[in-house]
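For reference, the structure is listed below as structure tokens.
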There are 2 protein chains.
Amino acid sequence: MAVVGGGAVGLAVAWRCAARGLRVTVHDPAPGSGASHVAAGMLSPVAEAYFGERELTGLLVASAARWPAFAAELTAASGVDLGYRTEGTLVVGLTGDDLAEAQRLWSYQRDLGLPISPLRPSELRDREPALATRVRGGAVAPGDHQVDPRRLVTALRTAAERAGATLVTGAVRALSDLDARVTVVAAGCGAAALTGLPVRPVKGQILRLRAPDGGPPGFRHVVRGYADGEPVYLVPREDGEVVVGATVEERADTDVTAGAVLRLLRAAVDLVPELAEYELVEATAGLRPGTPDNAPIIGPLPGRPGVLVATGHHRHGIVLTPLTADLVTELVVAEPTAPATADPLLAPCTPERFAGQRRPG
Amino acid sequence: MAVVGGGAVGLAVAWRCAARGLRVTVHDPAPGSGASHVAAGMLSPVAEAYFGERELTGLLVASAARWPAFAAELTAASGVDLGYRTEGTLVVGLTGDDLAEAQRLWSYQRDLGLPISPLRPSELRDREPALATRVRGGAVAPGDHQVDPRRLVTALRTAAERAGATLVTGAVRALSDLDARVTVVAAGCGAAALTGLPVRPVKGQILRLRAPDGGPPGFRHVVRGYADGEPVYLVPREDGEVVVGATVEERADTDVTAGAVLRLLRAAVDLVPELAEYELVEATAGLRPGTPDNAPIIGPLPGRPGVLVATGHHRHGIVLTPLTADLVTELVVAEPTAPATADPLLAPCTPERFAGQRRPG
């Protein structure tokens, strides 16, 4: 079988399939250089549960539940530390308005039965003294974890190769160029040209800071905040890195702009003042594969027997990696031309839902 | 003769001396990679005339007066466009407090007889419609020009080599390692270790933006502004670059910090809002060679016959390059062991003024 795309999703599919005994070849001109390279790595089914996205939330919860075992298995298979952290996520509001906005969302999340609990400001600061004294309030989502996506890609690549998969460094221009019984298209935004599916680039700008003097950051939870109306997240890693993200822009360029960096830094420093002293190591922009309904596209490509799709993960590629890899592997192993046997979780993800929107592939 | 240091000053000395028929070798592990690489290139004797620095101001004015002929001669000798621009500099204040601070300085500058004229807000905006409507007022220094320091270094290197100078890529650990009749130490902060003079690193963080779509920036003057107490300058180049600078920090590291980038971007975007849409191309930090009295150190090193010093230019290396090169060349050509013949302009620059502060060289 062939996998087109060597990001987190493509490599995870390759690892799982190779471990099941399949001969797998992964094609990518620059493995791990796409959205996975820019991603922050929040595993946030709760804090990412937005109004009107109930089915997507179900997918996120299901995949996040698989993460602990997936991380343990992958670490054992690769010998690579993924930077997986389980301290949980704090959701905070800087001003009264920010707090009201955050509360509205976490009330909705609680109504769905998701684990998120309001904290008093003093409780918030007991957990993270680095938070600005201005921060008006917040909540904790203890099950919203994080992982380092760059370590994840390294681990997946190692595990896939150890399981027998082959990596071919090169671009695939058309699916007809591949000579494989089954092909999985996990090419992110590149899936649009290969399949005709309505996958569009959604630009995200993101920063990487580093704590001074080689130490760890002065906070341990993922912090998701609203700061004067600006949503921002701060992801602290044990190696000293802090990821600050991210813009969501309907653009296809990867320019880093002064205005976006200004907005991200202002919000970050307003929420955690000590970040001003951190080194600004990297400012990058990536392109998320977005879909018309914000849900991923996972399943057989209509009219193309033997072609499966795994793309459109938008802002959720890292959290959805274990579930996507498992579901795709089951489809491949079972019988790729028999979608009727698919897991019910795949119902909202089927490529068929965009049958009317496909351009000639 | 040997020149230690291949930045703007060292290369200009090398060019001038080689053109006078001397055999010149320039030593630098990475020519043009020091303070010259980070410099903004403002030629601002007026706007840089600060309280209590009268003699330094005299030097800046004298060197700026040499710039037009120097630029023309260097362009002819090298074939390199220096990006020399003569639109002048606007000094602006964002808030009432900022304007009061700017006014206090430009009143002092006018009292010195320097060319700077207040403008009404409407006159300011007629000159630069890109300025924020919030900007409360300002002044114009028509003789404060600019040049691109990276193009300057390329041009000086070309001109020096065409005149017969040799560039040796390597570090000089001690002056005794050099076998030359005359040695000019133009090593920036590195001069401290070589000469024992009290030259200290003064860190500056600086940004380079780029106008969208390959066009030129939306303003043509250098803008020096105060924005909510934050001093910032914006230097627009015809090739689309805008330099935003710079912090002044008593530190010796070259880390780029989140707080500095935030302060520079906030002040820049407050003064010229369209900069938010510009690409952030580069964030760098460099080390200016500072001296105890902020004036450069130019002249013979006491007790070391045949050794001349040209360093300590702090924030003024680019504007002082022509004058420094001319003065040093005269000293070299005349007789390096007879400092009594030196130009009176050199009086405030003599290394002897720090005789009591020298550490063992």
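The values are calculated or read from the model by the stated rules, or taken from the named source; none is laboratory data. For clarity, every value in this text was computed on a predicted model and none was experimentally measured. FYI the Cβ positions are ideal-geometry reconstructions off the backbone, even for glycines, and counts take in every protein chain you see. Quick note on the areas: whole protein, heavy atoms, side chains included, nothing else; ligands and nucleic acids left out. Shrake-Rupley method; radii C 1.70, N 1.55, O 1.52, S 1.80 Å.
Within the range A:137-156, work out how many residues are within 12 Å of residue A:91 (Cβ to Cβ) and part of a loop (DSSP other than H, G, I, E, B).
Matching residues across the range A:137-156 total 2.
Quick one: which residue in A:107, A:117 is over 20 Å from residue A:53 (Cα atoms) and not aliphatic (A, V, I, L, M)?
Testing whether each residue is over 20 Å from residue A:53 (Cα atoms) and not aliphatic (A, V, I, L, M) leaves just A:117.
Look through the range A:204-257, keep the residues that are of a type in the set (S, T, N, Q) and within 16 Å of the chain's Cα centre (by Cα), and return whichever of them is surrounded by the fewest Cβ atoms within 10 Å (Cβ to Cβ).
A:247
Restricting attention to the range A:315-327, which residues are farther than 30 Å from residue A:211 by Cβ and surrounded by fewer than 24 Cβ atoms within 10 Å (Cβ to Cβ)?
Of everything in the range A:315-327, just one residue is farther than 30 Å from residue A:211 by Cβ and surrounded by fewer than 24 Cβ atoms within 10 Å (Cβ to Cβ), namely A:326.
Go over the candidates A:74, A:94 one by one and state the one that is modelled with pLDDT of 95 or more and within 13 Å of residue A:229 (Cα to Cα).
A:94
Quick one: residue B:225 ticks every box in (1) out of contact with any Lys or Arg (no Cβ under 7 Å at 6 or more places or on another chain); (2) facing another protein chain (nearest Cβ under 9 Å); (3) not aromatic (Phe, Trp, Tyr) except a single one, so which number is it?
Every condition holds for residue B:225 apart from (2).
Can you pull out the residues in the range B:243-281 that are away from every other protein chain (no Cβ under 11 Å), not basic (Lys, Arg) and not in a helix (DSSP H, G or I)?
B:243, B:245, B:246, B:247, B:248, B:249, B:250, B:252
Kindly provide the set of residues from the range B:41-82 that are in contact with a Pro (Cβ under 7 Å, 6 or more places away or on another chain) and of a type in the set (D, E, K, R), ordered by number.
Those that are in contact with a Pro (Cβ under 7 Å, 6 or more places away or on another chain) and of a type in the set (D, E, K, R): B:55, B:66.
Evaluate the following for residue B:165: is it touching a residue at least 12 places away in the same chain (Cβ under 8 Å), in contact with a helix residue (DSSP H, G or I) (Cβ under 7 Å, 6 or more places away or on another chain), open to solvent by less than 40 Å² (accessible area, probe 1.4 Å) and under 30 Å from residue B:25 (Cα atoms)?
Yes, satisfied.
Name the residue that is farthest from residue A:120 (Cα to Cα), counting only residues in the range A:64-105 that are surrounded by fewer than 16 Cβ atoms within 10 Å (Cβ to Cβ) and among the aliphatic types (A, V, I, L, M).
Once the filter is applied, the top-ranked residue is A:76.
Of all residues in the range B:258-279 being open to solvent by 20 Å² or more (accessible area, probe 1.4 Å) and in contact (Cβ under 8 Å) with a residue 60 or more places away in the chain, which is nearest to residue B:149 (Cα to Cα)?
Ranking the qualifying residues of the range B:258-279, first place goes to B:279.
Given the criteria of a type in the set (A, V, I, L, M, F, W, C) and touching a Ser or Thr at 6+ places or on another chain (Cβ under 9 Å), does residue A:105 qualify?
no
For residue A:287, state whether it is more than 10 Å from chain B (Cβ to nearest Cβ), in contact with a Ser or Thr (Cβ under 7 Å, 6 or more places away or on another chain), surrounded by fewer than 23 Cβ atoms within 10 Å (Cβ to Cβ) and on the phi < 0 side of the Ramachandran plot.
yes
Every residue in the range A:31-65 that is more than 21 Å from residue A:294 (Cβ to Cβ) and not in a loop (DSSP other than H, G, I, E, B), please.
Scanning the range A:31-65 gives a single hit, A:37.
Going through the range B:296-311 one residue at a time, which ones are of a type outside the set (S, T, N, Q) and surrounded by 20 or more Cβ atoms within 10 Å (Cβ to Cβ)?
Result: B:296, B:297, B:298, B:299, B:300, B:301, B:307, B:308, B:309, B:310.
For the range B:197-220, what are the residues that are away from every other protein chain (no Cβ under 14 Å) and touching a helix residue (DSSP H, G or I) at 6+ places or on another chain (Cβ under 9 Å)?
B:197, B:198, B:199, B:200, B:201, B:202, B:204, B:219, B:220
Please go through the range A:168-178 and pick out each residue that is open to solvent by 40 Å² or more (accessible area, probe 1.4 Å) and touching a residue at least 40 places away in the same chain (Cβ under 8 Å).
A:168, A:169, A:171 - these are the residues of the range A:168-178 that are open to solvent by 40 Å² or more (accessible area, probe 1.4 Å) and touching a residue at least 40 places away in the same chain (Cβ under 8 Å).
Sort out which residues of the range A:184-203 are surrounded by fewer than 24 Cβ atoms within 10 Å (Cβ to Cβ) and part of a strand (DSSP E or B), and write them in order of number.
A:200, A:201, A:202, A:203
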